[in-house]
Amino acid sequence: MSEHVILQELKRLREKVDRIEKMLEYIVGSLLPEEEMSDEDRETLREALEEHRKGETIPLEEVLKQLEE
C-alpha cells in the first residue's frame, strides 16, 4: 500500500473518531437527564473523553488482556 493511501485511510478514520466524539459529547451534555447521571459521573465521562482526545487512553483489548492475567 502506498503512503498516500495509508494517509487517506488514517484521515478517514480520524474523521470517524471525531464524529463519534461529538456524538458522545452531545449525549453527555444534553440527552442524559440529570437524575440519571450524578455530577461526579458526568465529570468522569468528560475526563475520559478528554483523555481519549489526548491519546492517553489504553485500548480496551489491552485492558481485557490485563484483567485476564
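Couplings 3J(HN,Hα) for segment 47-55, derived from phi with the Karplus relation 6.51 cos²θ - 1.76 cosθ + 1.60 (θ = phi - 60°), are 5, 5, 4, 5, 4, 4, 4, 7, x Hz, where x marks Gly and Pro.
Is the chain best put as rounded, prolate or oblate by its Cα gyration tensor, with a ≥ b ≥ c the root eigenvalues, rounded for a/c under 1.5, and otherwise prolate when a/b is larger than b/c, oblate when not? Walk me through the intermediate numbers first.
Values: a/c = 3.22, a/b = 1.49, b/c = 2.15.
Cα axes put the chain in the oblate bin.
Each value in this text was obtained by applying a stated rule to the coordinates, not by laboratory testing. None of these values were measured; they are calculated from a predicted model.
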